[in-house]
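Got a structure for you, questions after.
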């Protein structure tokens, strides 16, 4: 797989080099990066970086667990009526998302399905960070009335005498899998172990970034001029890079970018505000007995996270990697294209941002060409 | 993995997977060779001084990465030699024995008492002991006088005793604290009962080879540690001259089973419990060490700390390299006078953005005396690049001082 992937990438690169219309014949001075920009993009790689272990998951990093997790990911037995699997909404063919505005499980959701590629890098999981580990985040949709409508006894009964349990016992050396709830938690941890392995490959941006650092001018020139102009906007005082920071193009935290969060008349989805409350009360959070590793450094985030008024209407900064495969965008899927996303930021309404909000966000007087360039840059973050 | 044979998702390499296995099979990452150990049970008696020079003893202790050792010797000369040579490494205890072999006679020997009283007039200690005392003998006149001296001189009683004698010692004076040598060689359940019953009792695990035997803890011992996370500590017991060379081995062995405990509990047993019991007493009893303490801020400043207040001197020390969105620990050190009723807290804000951190980090007091306050702030996370500001709030009775320091991430 890896070899094929590399070949494909090489072919694509050759194609890009030969036929991309905005490919420069030579670097033009207006697209030269400043020392500040070079210093900034240094922090956005290399890629990929090692994925941390799933917090509290004693199966994280174990090959047999990853294999079982992959099987479970496609197993419809995890939903109440055996009609939905994790992959039903996190469809590998759609960037591990579903292409819909908002998710549709057993009932209609109010949030867009997030892609789970690179999900292992997260500190908090879900748009509101309502889970503090990948395994806990995996349990949530299974038990959700809106999503898979599973229940602990029903799912445990389906799996208790299955071959899957035999494999678990054989690999762990345990005599039994425990209570129904413990069995479900084990399933969540296997799902977490698998999802942690989903890492997106290098992109044109990564190759450009590496070429800049190694002073490889030939490789640098393969990077489209329009994307380079967009990159300069991204790292400008428009401040995109401040939250979409680092190799994963996210700081892993939560921000209010002025998007509406009504779900219907008289109903709001308060995002991080409820997310903090949910993670604190989650019976499967890292402070629970289900934490299989009990590392204080993991648990500390859950015991020290603050809830404040400003969390109301905040959403997790999503990664910008793999973006072209995960439309539509925003927590409610309300923006269909990357151009709409760029327009949304350019025309942001300052009055929607509370004075305690991110004063770094302000309307941008971007021309049509600027916006196209920024979209082109964002496209280079996908493979 | 057939589902994604044609997908473009990159599977982690086996190297990365093996790294992760290592992470899950070792419970905590701190109990490596670098985990400091406090050895609360070292003797450097006359025959040991003859066989091993004090410089070599200090070498052994440093090789063991000891944070400090509680040393008591028969006679006291060995203790004084080590204290003079490495004052930062040695907490001296006063053993009421002039020679080896007095363990069964000292409690009826007036000369042993006179020896003890004489040394207390000229030297400074953190403890009296280790002495041997069982049952009713704890209520004999000389042991009673030893308890009086302990209260008078602010000293911990380091008692190699059964539970009965420990209770008698504690009952004689409501101020004295007892460090129960070898945890009385009692079973974990009895130790737990004793620690629950007496809040002035601590215990060392010297020569308890069943603790962590084979690198793992039995459920009974693990339960004891979880029940009393702040009361137990380590000790080698160099009861023969040769055994001084076991100090590094003991530390290494302890690190193995400490690795099976949660990080904070492991650190407590490794050194913090001993530190919290003995170091404040030692600092109060020893003016020289107090001066040393006052110099802590100067040292912190020299070690890349940032001075954010002059009165009292307040130093903030963050890692040299701070990564956006990666949690880290900041140390705040305050040096001054009358600090016992003081508190210090750290926050970080982005003034231009009008917000601060998304977390209220844990503040753990590492050291707190009249002249020195050392607080570790764990779980600090700065989630954006840009200009940040440390805010340190120093509260003393009736007063609040806020100090600020700008820096760019």
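Throughout, read-outs are computed from the coordinates displayed, never taken from laboratory work. Because the structure is a prediction, the values reported are computed rather than measured. Every residue, glycine as well, gets a Cβ built from its backbone with ideal geometry; the counts of neighbours run over all protein chains shown.
Mind pulling up the Rg/Rh value for region A:225-331? Radius of gyration and Kirkwood radius, both on Cα.
Numbers: Rg = 17.1 Å, Rh = 16.4 Å.
The Rg/Rh ratio comes out at 1.04.
What number results when the radius of gyration of chain B, computed over Cα atoms, is divided by 2.2 N^0.38 Å? It would help to have the intermediate numbers written out before the result.
Working: Rg = 24.1 Å, N = 409, 2.2 N^0.38 = 21.6 Å.
The reported ratio for this selection is 1.12.
Does anything in region B:375-409 have its amide N under 17 Å from the 7 Å Cα→Cβ label point of residue B:362, and if so which residues?
Backbone N within reach: B:375-381.
Right, next: Only Cα pairs under 8 Å and at least 6 apart count here; give the relative contact order of chain B as a rounded whole percent. Spell out each step's value before the answer.
On the way: 806 pairs, mean separation 53.0, N = 409.
Relative contact order comes out at 13 percent.
Going 7 Å from the Cα of residue A:267 toward and past its Cβ, which residues in region A:108-139 have a backbone nitrogen under 15 Å from where you end up?
Under 15 Å, as judged by backbone N against the label point of residue A:267, lie A:108-112 of region A:108-139.
Let me ask another. State the Cα centre-to-centre distance between region B:223-274 and region A:166-191 in whole Å.
Between the Cα centre of region B:223-274 and that of region A:166-191, the gap is 34 Å.
Evaluate the distance, in nm, between pseudo-label points positioned 7 Å from the Cα of residue A:67 and of residue A:289 along their respective Cα→Cβ axes.
Here the answer is 3.2 nm between the modelled labels.
Can you tell me, using C-alpha contacts under 8 Å and at least 6 residues apart, the relative contact order of region A:63-195 as a whole percent?
Values: 206 pairs, mean separation 41.4, N = 133.
For region A:63-195, the relative contact order is 31 percent.
Could you pull the Cα extents of region B:295-408 along its three principal axes, largest to smallest, in whole Å?
Extents along the principal axes: 38, 30, 22 Å.
Okay, moving on. Going by the alpha-carbon gyration tensor, a ≥ b ≥ c the square roots of its eigenvalues, is region B:260-350 rounded (a/c under 1.5) or, if a/c is not under 1.5, prolate (a/b greater than b/c) versus oblate?
Details: a/c = 2.02, a/b = 1.11, b/c = 1.82.
Judged from the Cα gyration tensor, region B:260-350 comes out oblate (a/c at least 1.5, b/c at or above a/b).
Hey, another quick one. Can you give the Rg and Dmax of the protein assembly as shown based on its C-alpha atoms, in angstrom?
Computed over the Cα atoms of the protein assembly as shown, radius of gyration and Dmax are 31.3, 101 Å.
Round to the nearest 0.05 the FRET efficiency obtained for residue B:104 and residue B:299 when R0 = 35 Å and r is the Cβ-Cβ distance. Walk me through the numbers on the way to the answer.
Working: r = 46 Å, r/R0 = 1.30.
Step by step, r from the Cβ atoms, then E = 0.15.
How big is region B:92-202 along each principal axis, measuring the range of its Cα positions in Å and listing the largest first?
39, 26, 23
Debye sum, Cα scatterers, region A:130-205, no solvent: what log₁₀ I/I(0) at q = 0.16 1/Å?
Reported log10 I(q)/I(0), two decimals: -0.65.
Here is a follow-up. Residue by residue through B:375-386, how many Cβ atoms from other chains fall within 10 Å of the Cβ on average? The partial results should precede the final answer.
Values: counts 0, 0, 0, 4, 8, 1, 8, 2, 11, 11, 9, 4.
Mean partner shielding for this stretch: 5.
Moving to a separate point now. Distance in nm between label sites at residue A:213 and residue B:84, each 7 Å beyond Cα in the beta-carbon direction?
In this crude label model, residue A:213 to residue B:84 measures out at 5.6 nm.
Right, another one. For the pair residue B:395 and residue A:42, how long in nm is the line joining their label points, each one 7 Å along Cα→Cβ?
Result for the modelled spin labels: 4.2 nm.
Cα-based Rg of chain A per 2.2 N^0.38 Å, rounded to two decimals?
With N residues counted in chain A, Rg over 2.2 N^0.38 Å equals 1.04.
Ratio of region A:273-383's C-alpha Rg to 2.2 N^0.38 Å, to two decimals?
1.39
Next up: Please identify, among B:386, B:129, B:78, the residue showing maximal mean-square fluctuation in a Gaussian network model of chain B using a 10 angstrom Cα cutoff.
B:386
A follow-up question, please. Would you mind getting me the FRET efficiency between residue A:369 and residue A:308? Use the beta-carbon distance for r and R0 = 45 Å, nearest 0.05.
Numbers: r = 40 Å, r/R0 = 0.88.
Taking R0 as 45 Å, the efficiency between residue A:369 and residue A:308 is 0.70.
Assuming R0 = 56 Å, can you tell me the calculated FRET efficiency for the pair residue B:387 and residue B:256, based on Cβ-Cβ distance, to the nearest 0.05? Mind dumping the intermediate values first?
Working: r = 45 Å, r/R0 = 0.81.
So, using R0 = 56 Å, E works out to roughly 0.80.
Tell me, what is the Rg over Rh of region A:63-195, with Rh the Kirkwood radius over Cα pairs? Mind dumping the intermediate values first?
Numbers: Rg = 14.3 Å, Rh = 14.9 Å.
With Rg and the Kirkwood Rh in hand, the quotient comes to 0.95.
Say we join alpha carbon atoms closer than 10 Å with springs in a Gaussian network model of chain A; which of A:125, A:205, A:312 then has the biggest fluctuation?
A:312
Using alpha-carbon pairs under 8 Å, 6+ residues apart, how would you state the relative contact order of chain A in percent?
Numbers: 661 pairs, mean separation 89.1, N = 383.
Relative contact order, chain A: 23 percent.
I would also like to ask the following. Per DSSP helix of 4 or more residues, -39500 (n - 2.57); summed, then divided by the residues of chain A. What does that give at 222 nm, rounded to the nearest 500?
Working: 16 runs with 155 residues, N = 383.
Taking each H run of at least 4 residues, the total per residue is -11500 deg cm²/dmol.
Let me ask something additional. With a cut-off of 15 Å, note down the residues of region A:244-270 whose backbone N falls inside the zone around a label point 7 Å from the Cα of residue A:349 toward its beta carbon.
Residues A:257-263 fall inside that zone.
Using a Gaussian network model of chain A with C-alpha springs under 10 Å, which one of A:62, A:84, A:335 is most mobile by mean-square fluctuation?
A:62
Let me ask you something else. Stretched out fully, how many nm does the piece from residue A:107 to residue A:170 gain, at 0.36 nm a residue minus the Cα gap?
Details: separation 63, 0.36 × 63 = 22.68 nm, distance 3.78 nm.
Taking residue A:107 through residue A:170 to full extension adds about 18.9 nm, to one decimal.
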